[in-house]
Each structure stands twice: as structure tokens, then as C-alpha cells.
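Inspection log for the structure reproduced underneath, given as C-alpha cells.
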Amino acid sequence: MVREWPYQYKAVFSPIDVIEEYTRPARYIENGQLIIKEALSEIEILDFESVGKLEAWNSDGLRSLLKIKGIPNMIEKTLRFPGTTEYLKVLRDTGFFSYQEVDIKGKKIRPIDLTAKLLFPIWKMKHGEGDFTVMKIIINSVENGEQREYICDLYDQYNPESDILSMARTTGYTCTAVADLILGGGFESPGICPPEYIGYEEKNYLFVMDYLRKRNVIYNIRVNS
């Protein structure tokens, strides 16, 4: 993806859902307690070998993971190029993301509708333009009395040969992997099942990871004792 002023960002999924990430309060677990902070808060700079420095900020991405018992600390952050967050805070705090109608010359409009109309063309990807996905997962645990740290890194990018965006590769292929798993009888749990239910069984995890690996979506995992 080409970094273009002012937002250095292109929407590769529903733009209105992207805006929701900037306004919805972020929930995470700290010392066994549910903590709620505003989105875009507690910014930190992380350095990735693949893309350089990125901003990480609180977002509400844990969802059903928040209900898992026995994990005292869980937090999720979203990554953007440095400087992006400042623009978003200005728009949000000025009210451009508000759903509350305002009166303009006798006409009622929602600021979010105007903002979406202006932003979406800027965020739209040009034909043939690619994207990339960066993710880092850090898990600290105690196993048999020994401290262990698992670090999982993902870097993926647009495939010009298949013309499939990285966001589609990393999310869509994961969904089709699970669909194959279910169709093959590998997962038969009834009812509504969050993704973590599937991963409880190691064979399911290995099936999905192998499916992704065959499509060159590679998670590099290392363990520090």
C-alpha cells in the first residue's frame, strides 16, 4: 500500500466499521478485571522489521475472548502508521463521527453521514493497488512451573497474481478453512461457536494453520523460556 497524505490508510473492509473502531470504547482484562478505555487511547510505538514503526492503540477487538475464564490479562491494539491517530482524534473529538443530528440551514443531518461521504472516496483503493497485514501476538504463561513466552508474528501482502488482497487472504482464508473443517466433520459442536471454541482442540488449530500455510499465509512462532 502506498502511504498517501493525509490518512496513510485505505479501507479494505466496511469503511463504516472502520470508523466504529475509532469511537467504540475499548474493553480489555487487567488483573482479572474488565477495564474500559476510550478508543485511540494509550498509544505506543512498535517497530516491525517488515514495515518499520507503527502506532498501536486501544481498540475493542477482544469481543468473545473477554468471556474466557482464568486469563488475568488480555489486551488488543490496532496498528496504523504514525500520525494517523492524531487526525482521527481531531475528527472524533470535533464531532465528525457523531450520529446525533445537527441542524444546517433547516436541514437535519448526521455528521457521520457527511464524514463518510467525504472519507470513503479518499480511503478507496485504486485498481491494482495492494495492501499488507501485520499482526503480533504475545502470550505469557507458566508451564510446569516454568515461565514461557510465545511470540507469533504475521506479515502478509497483496498477491498480484491472484489479485487477492492481504486482508481477504488473512481473514477470508481463515473462514474457508473453518468451513472445510466443518464440512469434513472435524468440528461438530452445536449452536453458536466463537472462534476460540474451534481452537480448543489442537487438531482443529493444526488444520487451520496448515490450510493457511498452503496458501502462503505464514505465522512465525517462537518460544522464549
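Among residues other than SER50 with Cβ under 14 Å from its Cβ, the summed charge is -3 (Lys and Arg +1, Asp and Glu -1). Measuring between their Cα centroids, region 211-225 and region 35-61 lie 22 Å from each other.
Element breakdown for the chain at a 1.4 angstrom probe: carbon and sulfur atoms account for 56% of the accessible area. Rounded to the nearest 20 debye, the dipole size of region 50-182 about its Cα centre is 700 debye, using +1 on the Cβ of Lys and Arg and -1 on the Cβ of Asp and Glu. Within the listed set ASP163, ASP153, ASP131, the residue fluctuating most in the Gaussian network model of the chain (springs between alpha-carbon atoms under 10 angstrom) is ASP163. What you get for the chain, charging only the Cβ of Lys and Arg (+1) and of Asp and Glu (-1), is a dipole of about 660 debye around the Cα centre.
Remark: the Cα gyration tensor places region 1-112 in the oblate category, a/c being 1.5 or greater and a/b not exceeding b/c.
For the residue pairs LYS89/LYS117; LYS10/LYS126; LYS10/LYS89; LYS53/LYS136; LYS53/LYS77, alpha carbon separations are all held to 21 Å or less. For the chain, the longest principal axis of the Cα atoms and the long axis of helix 111-123 meet at an angle of about 70 degrees. Overall, the anisotropy analysis places region 47-160 in the oblate class: the square-rooted eigenvalues a ≥ b ≥ c of its C-alpha gyration tensor yield a/c not less than 1.5, with a/b not exceeding b/c.
Annotation for region 162-176 versus region 86-100: alpha-carbon center distance of 31 Å. Computed on region 1-91, with alpha-carbon pairs under 8 angstrom and 6+ residues apart, the relative contact order is 29 percent. Protection proxy ranking of 8-18, 186-196, by the mean of other Cβ atoms within 10 Å over each peptide's residues and highest first, is 8-18, 186-196. From the helices alone, meaning DSSP H stretches of at least four residues, give me the mean residue ellipticity at 222 nm for the chain, per-run term -39500 (n - 2.57), in deg cm²/dmol to the nearest 500. Calculated from helices alone, the mean residue ellipticity at 222 nm is -8000 deg cm²/dmol.
Take the alpha carbon gyration tensor of region 98-223, find the square roots of its eigenvalues, order them as a ≥ b ≥ c, and report rounded if a/c is under 1.5; if not, report prolate when a/b exceeds b/c, else oblate. Here region 98-223 falls in the prolate category.
May I ask for the angle, rounded to the nearest 10°, between helix 173-183 and the longest principal axis of the chain, with both axes built from Cα atoms and the value confined to 0 to 90°? Between the helix axis and the principal axis of the chain, the angle is about 50 degrees. Summary of packing: across the peptides 76-83, 91-98, 65-72, the per-residue average of other C-beta atoms within 10 Å ranks them, highest first, as 76-83, 91-98, 65-72. In whole percent, what relative contact order does the chain give with Cα contacts below 8 Å and a gap of six or more residues? Contact order relative to length: 16 percent. Between ILE122, TRP57, TYR197, the Cα set farthest toward the positive side of the dipole of the chain (charges on each charged residue's Cβ, about the Cα centre) is that of ILE122.
The values are calculated or read from the model by the stated rules, or taken from the named source; none is laboratory data. Here the structure is a predicted model, which is why all the values come from computation and not from measurement. Here Cβ is always computed from backbone atoms with ideal geometry, including for glycine, and neighbour counts include all displayed protein chains. These accessible areas exclude ligands, DNA and RNA; they are computed on the full protein's heavy atoms, side chains included. Shrake-Rupley method; radii C 1.70, N 1.55, O 1.52, S 1.80 Å.
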